1. What shape does segment B:2-214 have by the C-alpha gyration tensor, where a ≥ b ≥ c are the square roots of the eigenvalues, rounded means a/c under 1.5, and otherwise prolate means a/b greater than b/c and oblate the rest?
2. If I fit a long axis through the Cα atoms of helix A:22-38 and take the longest principal axis of the Cα atoms of chain A, what angle between them do I get, 0 to 90°, rounded to 10?
3. Would segment A:229-293 count as rounded, prolate or oblate if I go by the C-alpha gyration tensor, calling it rounded below 1.5 in a/c and otherwise prolate when a/b exceeds b/c, oblate otherwise?
4. In vacuum, with every alpha carbon of segment A:152-282 counted as one equal point scatterer, what does the Debye formula give for log10 I(q)/I(0) at q = 0.10 Å⁻¹? Two decimals, please.
5. What does the average come to when, for each residue of peptide B:217-223, you count the partner chain Cβ atoms lying within 10 Å of its Cβ?
6. Can you give the angle from 0 to 90° between the axis of helix A:104-117 and the longest principal axis of chain A, with both taken from C-alpha atoms, to the nearest 10?
7. Amide H of A:Asn292: which non-local residues (sequence gap of 5 or more, or other chain) have their own amide H closer than 5 Å, using H built in the peptide plane?
8. Amide H neighbours of B:Thr225 under 5 Å, at least 5 residues apart or on other chains, H built in the peptide plane: list them.
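The values are calculated or read from the model by the stated rules, or taken from the named source; none is laboratory data. A quick note: this is a predicted structure, and the numbers were derived from the prediction, not measured. Every residue, glycine as well, gets a Cβ built from its backbone with ideal geometry; the counts of neighbours run over all protein chains shown. The accessibility values were calculated without ligands, DNA or RNA, using every heavy atom of the protein model including side chains. Shrake-Rupley method; radii C 1.70, N 1.55, O 1.52, S 1.80 Å.
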Amino acid sequence: MQLTDYKGIWVFAEHRNGRISDITFELLAKAKELSDKNDEGVVAILLARDAGDMSQKLLNRGGDRVIVVESDHLKEYKAITCAKVLEALVDKYRPSILLFGATSMGKDLAPRVMAKLRTGLTADCMDLDIDGDGLLIQTKPSYGGNIMCKILCPTRRPQMATIRPKVFSQLEEMENPKGEIVIENISVEPENDYEILEHVAYETEGVKIEEAEIVVVAGRGVSSKDDMKMIEDLAKELHGAIAVTRPLVDAEWYDPSIQVGASGKTIKPKLIVNIGVSGAIQYNVGMQNAKNIVSINKSPKAPIFSISHYGIVGDYKRIVPLLTEEIKKTRSQ
Amino acid sequence: MNIVVCIKQVPNTIDVRIDPVSKNLDRTNITGVINPFDKNAIEEAIRLRDKHGGEITVISMGPPQTIDALREALAMGCDHARLLSCREMAGADTLATGYVLSKAVNKIGAVDMVLFGSHAVDADTGQTGPIVAEFLDFRQITFVSQIDMEGNHVTAERMLEEGRERVRSKLPVVMTVTKHLNTPRYSKPVNIMKAFRKDIPIWNYEDLGCDINMIGIPGSPTIVTEIFEPKRRSEVEMIQGSPEEMVKELVAKLTADHAI
Ligand SMILES: Cc1cc2nc3c(=O)[nH]c(=O)nc-3n(C[C@H](O)[C@H](O)[C@H](O)COP(=O)(O)OP(=O)(O)OC[C@H]3O[C@@H](n4cnc5c(N)ncnc54)[C@H](O)[C@@H]3O)c2cc1C
Ligand SMILES: Nc1ncnc2c1ncn2[C@@H]1O[C@H](COP(=O)(O)O)[C@@H](O)[C@H]1O
């Protein structure tokens with residue numbers, strides 16, 4: 001393998017129902033920043049039945065080039081099918097870096113591609129950089145976030161990674177960006193022995209926690225489900241979304257789509273209010289990049305305070321209703 | 001139906017620190033246990049076998065003490081165990097691990113299903129299952145929360161970010177399982193006794209017919225260049241006073257910060 005033959009930063013474009021996922025735009029923005037260091041250009045890879053306006057969207061958000069493969073066999077995402085297409089594309093164009101979202105789709109697909117290509121793959125990265133030798137430095141959490149590791153893939157290509165959503169910010173949409181769309185005519189094989197029967201969305205109302213600007217999180221300190229009412233009132237007053245720590249999902253009060261943390265979602269809201277949350281590292285890695293972190297906990301020693309901007313020591317039963325009232329008052333002034 | 005379960009021995013706690021002197025993980029007081037999600041995989045394998053027949057082989061690649069994890073899996077009810085271990089296998093990343101596991105599945109032969117935990121709590125990658133699927137050329141179903149068998153097909157429910165997906169796949173298949181799948185059983189004392197009498201063969205890379213360049217450090221494309229503890233913020237501002245005063249002050253500060 002001639003390492004110097006491999007050039008370019010590729011981003012696998014994730015999409016559902018004709019919409020590109022946010023993680024893809026986040027990766028394009030980061031890839032562009034990296035590409036300013038190695039000047040190799042950013043390529044988005046789009047596999048779809050019908051690319052529609054998605055290719056243009058990828059150019060508008062930082063892609064220098066979009067490589068599109070269209071086929072009826074790409075109607076639904078299937079790991080085996082997509083992995084074969086990616087292998088063919090990598091063989092043809094030889095990218096140096098290949099990035100995926102650390103989403104259920106990216107985590108399903110990337111390892112399969114990596115095994116085909118016999119290269120390295122780093123999971124769940126929370127940072128990327130290029131070192132002095134032009135190698136991709138991949139920073140990932142281990143032990144639920146207690147330890148961070150820096151990982152390199154020095155001798156094989158492409159250097160592959162999955163990256164957690166919400167660690168990088170998207171670029172604003174550009175008008176009339178330069179860039180080209182390449183339609184690639186490679187044959188796509190059907191995979192008939194694997195069928196997707198149905199997809200049922202979890203029942204959550206309102207905004208998704210990863211899209212909300214303000215998030216109110218309830219932890220195990222909230223001692224009864226009835227008390228969720230006062231927390232919902234606070235969230236409503238703040239026009240924010242409700243999220244929870246893992247114990248409340250384990251107790252089946254809520255479904256996993258609103259769990260924050262290492263085994264849940266990473267969020268980066270403008271404001272997060274933690275109520276009865278202790279601040280375990282597995283939780284913190286999911287929200288520590290929020291712009292403003294407020295925590296309410298009855299124990300002054302709760303570790304959550306060490307990653308907060310503002311802390312209140314007190315019983316939520318007392319504090320939360322007062323807080324809702326005070327916000328209402330301030331709003332009406 | 002023949003099932004292989006891949007299990008990993010992991011530290012009993014993930015609350016680990018870095019030794020300031022050696023700059024390595026501080027391993028004092030850490031003992032090995034079966035990765036929690038791998039227990040869900042074992043439990044499901046037992047239920048499927050009890051319902052549909054066949055045998056379960058549990059395998060793990062690791063140093064000699066990994067045998068304890070395999071014994072525990074036998075005590076839970078698996079039929080056979082194999083330890084994949086030799087000096088040459090040490091230092092493996094997920095590619096080299098996946099390669100060795102796939103070689104072992106091939107050696108066991110006539111396998112219909114290979115089960116994995118959704119991820120290991122130490123390395124936290126979750127990629128070993130799909131890698132093995134690729135080496136074996138099996139279909140894969142990841143993040144599984146429910147399994148139903150029907151002839152030579154499996155119907156499974158996957159738990160994804162925004163919802164549940166139901167898929168149907170022909171065997172053979174690799175599945176990675178979540179803890180929502182089942183509640184793992186405790187082993188009965190009599191089974192623990194029996195597990196101690198069972199032979200656990202150790203397979204080295206030659207037994208498995210592995211290419212020496214595909215295992216251990218030479219077979220691992222990735223290298224860890226540095227480990228560190230994440231930095232913690234320290235400029236927290238604790239708001240003081242009566243509940244009413246604290247709330248008033250907090251709202252004033254958040255308003256000034258344009259946070260609300
Ligand atoms: C592999 C792995 C992955 C994990 N992934 C996640 C994850 O993604 N997300 C996650 O959240 N957890 C995760 N966990 C679990 C995590 O380690 C913690 O157990 C969990 O985050 C604790 O949740 P908590 O803070 O709500 O509860 P606790 O730790 O029980 O904290 C409750 C807090 O409430 C406070 N409190 C009690 N009563 C009151 C009151 N009346 N008023 C105010 N405060 C009160 C207490 O002082 C305490 O600080 C994971 C664990 C493992 C091993
Ligand atoms: N050394 C190993 N031996 C056997 N199985 C393993 C090994 N490492 C990982 N696994 C399996 O792969 C799953 C995912 O691990 P990981 O990819 O390391 O997060 C685990 O839950 C195990 O089922």
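1. Working: a/c = 1.34, a/b = 1.29, b/c = 1.04.
Here segment B:2-214 falls in the rounded category.
2. Computed tilt is about 60 degrees.
3. On the way: a/c = 1.73, a/b = 1.08, b/c = 1.60.
Judged from the Cα gyration tensor, segment A:229-293 comes out oblate (a/c at least 1.5, b/c at or above a/b).
4. Each listed q maps to, in turn, -0.54.
5. On the way: counts 0, 0, 1, 3, 14, 15, 7.
Mean shielding count: 6.
6. Once rounded, one gets 30 degrees.
7. A:Leu271, A:Ile272
8. Correct list: A:Lys150, A:Ile151, A:Leu152.
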